[in-house]
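Student: Sharing a structure below in structure tokens format, with a few things to ask.
The values are calculated or read from the model by the stated rules, or taken from the named source; none is laboratory data. The model shown is predicted, which means the values in this text are computed figures rather than measured ones. FYI the Cβ positions are ideal-geometry reconstructions off the backbone, even for glycines, and counts take in every protein chain you see. Please note that ligands, DNA and RNA were not included when accessible areas were found on the heavy atoms of the full protein model with its side chains. Shrake-Rupley method; radii C 1.70, N 1.55, O 1.52, S 1.80 Å.
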Amino acid sequence: MANPIDRRVKTLLTSYTVLVVVALLLGAVVGPAASNALFETEERGTVAVVTIEGPITGPSADDVTRELRAVRRNGTVDAVVLRIDSGGGSVAASEAQYRAVKRLAREKPVVTSVRGIAASGAYYTALPSDEIYATPGGLIGSVGVRALIPQPDGVPEPVTTGPDKVGGLTDDDIRAQVETLKRSFVDTVYAERGDRLTLTRPELTNAKVYSGTGAVENGLADAVGDLETAIASAADAAGLSSYSVDYRSTTPDLLSLLRGAETNGSAAGSLARATLFTTPGIDRPRYLMLWGDLDAEAREVRTDGAT
Amino acid sequence: MELRDSLLRVGVFLAVFAVATILTGLGSVPIPTDGPNQTAPLTVESHQPDSILAQPPEETGDVTADSTGTGQTVVIDQSHNNSVTPDQISPFVTRLLSAGHEVVFYTDEMADHQSLNRTLARADAFVVVAPGEQYNTSEQARVARFADRGGRVLLVNEPTAQVGDRSTQPTPMTNLAGTFGLGFDAGYLYNLQTYDTNHRAVFAVPATEGPLTRGVDRLTVYTARPVVGGSAAVVTNGSTRLSTTRRDGAYTVLAREGNAVALGDRSLLGPDYVHTSDNEVLVSNLIEFLVSGSR
């Protein structure tokens, strides 16, 4: 005499209801895949959307370049959209991001979508993109450099091995360095977008910020469009008519936040804006590709004509 | 029999363990989705020093005082909250002193004990740099009378500047300069086409030949204010713009009206810019102008 459990198992296995349900479930899983394998003629791929937002600092640029390297090296990513919302930041960090985007653009289609602002160092970051899209309310431009310099008057307090050891660059030195960085920025704009730009060099170096429509008109951007427009354009450039979108963030994760404010002031949110671009407690010249005023007790040299 | 069962169990265990190990091991082998781990060198032309490196402007020449006369007294006003200290105009002051002239800073303390009237009575020249307070009507009249009697007046101004999170105070020179038919526009001059290292360092050239511009080929003025009125002595080139209007033009930065001269750039008298271009020649000429009056 069989035990009750065996009888119930046998009943279940021979039940038409159970067989139909299992068949439906398996069919639902296998069906679409089989259909795609049999009838799919379009090329499938992935468009990665990398968000770059907030002040550009050394640590934030590290996060961005790391992510851009990851999508460049990832064979499943066919095209990349940069989702930018930043007024710029440190010159060196902006240059690092520019070079990372340029490396990426050599290998994959890159399209930029301006979420709110792509100014100064953030615009520099976007320059190697194949296309730049913005909505009318977006703000684009501010091609210029500024330097925050400590008050250099007087004999340095510490004993030093040379007159400039503490940081005593002369005003002439600072102005020459700012001019050098400006030339690099402006030359880069013309190298990347000279064929589309209608602004003369003096107009560009005026460092004005334009609305999205103004930027499209003068060639700082390519067309009015939102993120979906940019994604579609990137997919089209990669030859994809069917694709998935992989959203990636470059902002600090929870672990980074817990590691402390000293590594990323934007994450801490409690530091003065000026200290985002320097080491607290050390006063030295700071070169910025940044649009907007800073809370800074320092003299400033700018390449733009803003008052 | 028991030994056989035990060996069978051990064998089954090892076989399952081996299969599991192989399967999970295979599952952990990274499947390359990337290309080879190489990055081609990236050369950005606009990052190369040859194409972008700017050099600080060359600094040459010395401020001189060619006049054979000595013992002239030059009063520099500090009593109207003027934006000037001896250090800020040190090349100008030291050259006057080394040429045997007397330089008197008319400070607040002096003003408490001695009127401007008495101070100018024994002066040959009066220099006003970027005052922070207006000159009252009697002071304006006194300075005008001083010039009418052969005294030389130099009015030097500068634009309001941003310093940290505030602005320097405006420099109300208008009333005093207006006494001589001179004035200063608001804002600062810049040039985005032709400039000396920075767009605020604007080139300027003599508008006419005369004592003020003798030997001057080209000047560099820094954050200058345009001068209005009088006879233009030095002007910028036509692509210079004024920050407040953004209009192109050849702006006057040095003008003369009788015994009064208006200069729209304090930095010309200071150590930073006095040796740039022919600035030292202009400063020498200004010294000559001040000490060659007829009082």
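Student: Of the residues in the stretch B:170-194, how many are within 19 Å of the chain's Cα centre (by Cα), farther than 24 Å from residue B:238 by Cα and open to solvent by 30 Å² or more (accessible area, probe 1.4 Å)?
Tutor: 1
Student: Which number in (1) more than 30 Å from residue B:295 (Cα to Cα); (2) of a type in the set (A, V, I, L, M); (3) open to solvent by 40 Å² or more (accessible area, probe 1.4 Å) marks the one condition that residue B:228 misses?
Tutor: (1)
Student: It is to be established whether one or more residues within the stretch B:265-278 are in contact with a strand residue (DSSP E or B) (Cβ under 6 Å, 6 or more places away or on another chain) and basic (Lys, Arg).
Tutor: Yes, the conditions are met somewhere in the stretch B:265-278.
Student: Give the residues of the stretch A:200-224 that are farther than 24 Å from residue B:44 by Cα and not in a helix (DSSP H, G or I), sorted by residue number.
Tutor: A:208, A:209, A:210, A:211, A:223, A:224 - these are the residues of the stretch A:200-224 that are farther than 24 Å from residue B:44 by Cα and not in a helix (DSSP H, G or I).
Student: Okay, next question. Of all residues in the stretch A:177-199 being open to solvent by less than 70 Å² (accessible area, probe 1.4 Å) and in a loop (DSSP other than H, G, I, E, B), which is farthest from the other protein chains (Cβ to nearest Cβ)?
Tutor: So, considering only residues that are open to solvent by less than 70 Å² (accessible area, probe 1.4 Å) and in a loop (DSSP other than H, G, I, E, B), the one farthest from the other protein chains (Cβ to nearest Cβ) is A:197.
Student: Has the stretch B:207-216 got at least one residue that is away from chain A (no Cβ under 14 Å), among the acidic types (Asp, Glu), free of Cβ contacts under 8 Å to residues at least 40 places away in the same chain and open to solvent by 30 Å² or more (accessible area, probe 1.4 Å)? Break it down into steps so the answer makes sense when it comes.
Tutor: Step one: list which residues in the stretch B:207-216 are away from chain A (no Cβ under 14 Å), which gives B:207-216.
After this cut, where a residue has to be among the acidic types (Asp, Glu) as well, the list is B:209.
If we keep only those that are free of Cβ contacts under 8 Å to residues at least 40 places away in the same chain as well, we get B:209.
Still in the running and open to solvent by 30 Å² or more (accessible area, probe 1.4 Å): B:209.
Looking through the stretch B:207-216, at least one residue is away from chain A (no Cβ under 14 Å), among the acidic types (Asp, Glu), free of Cβ contacts under 8 Å to residues at least 40 places away in the same chain and open to solvent by 30 Å² or more (accessible area, probe 1.4 Å).
Student: Can you say whether residue B:38 is out of contact with any His (no Cβ under 6 Å at 6 or more places or on another chain) and at pLDDT 70 or above, as far as the supplied structure shows?
Tutor: On the way: out of contact with any His (no Cβ under 6 Å at 6 or more places or on another chain): yes; at pLDDT 70 or above: no.
No, not satisfied.
Student: Still on this structure, please answer the following. Grab the strands (runs of 3 or more DSSP E) fully contained in the stretch A:72-176, keeping just those with 2 or more residues being of a type outside the set (Val, Ile, Thr) and open to solvent by less than 10 Å² (accessible area, probe 1.4 Å).
Tutor: Of the strands (runs of 3 or more DSSP E) lying wholly inside the stretch A:72-176, those with at least 2 residues that are of a type outside the set (Val, Ile, Thr) and open to solvent by less than 10 Å² (accessible area, probe 1.4 Å) span A:79-86, A:88-90, A:110-119, A:146-149.
Student: While we're here: Among the aliphatic types (A, V, I, L, M), within 14 Å of chain A (Cβ to nearest Cβ) and in contact with a Gly (Cβ under 7 Å, 6 or more places away or on another chain), is that true of residue B:192? Steps first, please.
Tutor: Numbers: among the aliphatic types (A, V, I, L, M): yes; within 14 Å of chain A (Cβ to nearest Cβ): yes; in contact with a Gly (Cβ under 7 Å, 6 or more places away or on another chain): yes.
So residue B:192 fits the description; yes.
Student: So for the stretch A:222-239 (the condition being surrounded by fewer than 18 Cβ atoms within 10 Å (Cβ to Cβ) and farther than 29 Å from residue A:107 by Cβ), does at least one residue qualify?
Tutor: no
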